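Bear in mind these aren't lab numbers, they're just calculated from the coordinates by the rules spelled out. The structure presented is a predicted model; accordingly, all values stated were derived computationally and were not measured. Neighbour counts run over all protein chains shown; Cβ positions are idealised from the backbone, glycine included.
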Amino acid sequence: MSSPNAIALTVQQTARPAGFPAPDHFRFAESPVPEPLPGTALVENLYWSVDPYHREMMDGDFELNAPLEGRALGRVIESRDPALPEGEIVFHRAGWRTHSVVRPAETRRLPHYDGVPLSAYLSVLGGTGLTAYVGLTRIARLREGDDLFVSGAAGGVGTATGRFARLLGAGRLVGSAGSPAKVAYLKEHVGYDEAFDYHAGPVADLLAKAAPDGIDLFVDNVGGGQLGAAIGALRERGRVVRVGTVGQYNTPDAPPVLFNHADVVEKSLRIEGFLVRDYRDVQEELDAFAVPHLLSGRLALDETVVDGFERIVDAFLSMLRGGNTGKMIVRNASL
């Protein structure tokens, strides 16, 4: 049970950004820790997810001067519903706050796998991993031996995509990233065969050098010129999986993507996007696939963990500028 004098913190958006958001687009609001009503439980949050999609939602989906939505893991500390027993660790989306009041239908009780750290439920076993897994298995329909190019490959979805693709039998893996250090990380730790810094020259030239025989599949987290270059590199019956457009979230006036539209017809290409919320029924399949590999060590976690809820806005802004390798996660400083 919470102390009667305990203070809860929430993050609120105060204004709509034009281009990159700044710290003054947010504020931390204090309030007493809420009391759960019948049918709800009070959760003390332990881990918070920081995701690129938050930037897109800042343009109009998030209500101003109200707590921001976000994925989080927390421990039930006071319950008025037997479906949420005290001490249980749950996943929910009422996230950018230190304490949340949730109903059972708004939560997912986490399975207990000895040896799997809690942070994994926000990275490879969370929405990030589910996005990568759905993109490969449902949208791309990855076939053994397929050659892949992944943009934003050093981010949360990009690292998960590379690791999953390798486990699923992909052929050559090529990734793009924003710095030489991230390029090295992709090749030395994640399992990419080749990677390049997209700042180092025209992306079409860099991709042609990294994948001289072309690619079967492009998993796009970035959009922009990398999308255009990848369409040109696709082989016959190639597929594009559109995950996100983080490269354009902060540049609303960016020019449209240029590519040879005839390629789509002449090479019988398929370009498809998706929202991971439409594939939540795949979660158990992801767990069954990923957990044994996590426990065996064949699947590692790629995470940048920032300690302290008071640093969540800094973590978000850093992530938008490429300050993370793997999934950006904020951890309760008491852990």
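Structure notes:
- Across region 17-174, the relative contact order, built from alpha-carbon pairs under 8 Å that are at least six residues apart, equals 19 percent.
- Nitroxide proxy distance, nm - points 7 Å out along Cα→Cβ at Ala184 and Arg103: 5.2
- Student exercise, the chain dipole from Lys, Arg, Asp, Glu Cβ charges, in Debye to nearest 20: 300
- Rel. contact order, % - alpha carbon contacts under 8 angstrom, at least six apart, region 127-276: 22
- Region 114-119 - phi-based ³J(HN,Hα) in whole Hz, Karplus 6.51/-1.76/1.60, Gly and Pro as x: 4, x, 9, x, 4, 4
- Residues Phe149, Phe26 in ascending order of nearby Cβ atoms (within 10 Å, fewest first): Phe26, Phe149.
- The equivalent ellipsoid that matches the C-alpha gyration tensor of the chain spans semi-axes of 36, 22, 17 angstrom, in descending order.
- Residues within the reach of a label modelled at Arg280 (point 7 angstrom out along Cα to beta-carbon, backbone nitrogen below 18 Å), restricted to region 56-96, are 69-74, 83-84, 89-96.
- About the Cα centre, charge dipole magnitude for region 127-276 (Lys/Arg +1, Asp/Glu -1 at Cβ), debye: 400
- Under 19 Å, Cα to Cα: Lys pairs in the chain, sequence gap 8 or more or different chains: 4
- Computed FRET value (nearest 0.05) for His112 with Arg270, which takes r as the C-beta separation and R₀ as 45 Å: 0.70
- Couplings 3J(HN,Hα) for region 213-220, derived from phi with the Karplus relation 6.51 cos²θ - 1.76 cosθ + 1.60 (θ = phi - 60°), are 9, x, 9, 9, 8, 10, 9, 9 Hz, where x marks Gly and Pro.
- Percent of alpha-carbon pairs separated by more than 20 Å within region 250-335: 67
- The slack in the chain from Leu258 to Glu236, taken as 0.36 nm per residue of separation less the alpha-carbon distance, amounts to 6.0 nm.
- Placing a label point 7 Å from the Cα of Glu63 along the Cα-to-Cβ line, the residues of region 91-114 whose backbone N sits under 17 Å from it are 93-97, 100-103.
- Pairs of C-alpha atoms in region 127-276 farther apart than 25 Å represent 18 percent of all such pairs.
- Cα lying deepest toward the dipole's positive end in region 127-276, options Gly171, Val219, Leu275, charges on Cβ: Leu275
- Mean separation of Cα contacts under 8 Å, 6 or more apart, over the residue count of the chain: relative contact order %: 17
- Between the alpha-carbon centres of region 158-199 and region 62-88 there is a gap of 35 Å.
- Couplings 3J(HN,Hα) of region 260-267, computed from phi: 7, 4, 5, 4, 4, 7, 5, 9 Hz, in residue order, whole Hz [Karplus 6.51 cos²θ - 1.76 cosθ + 1.60, θ = phi - 60°; x for Gly and Pro].
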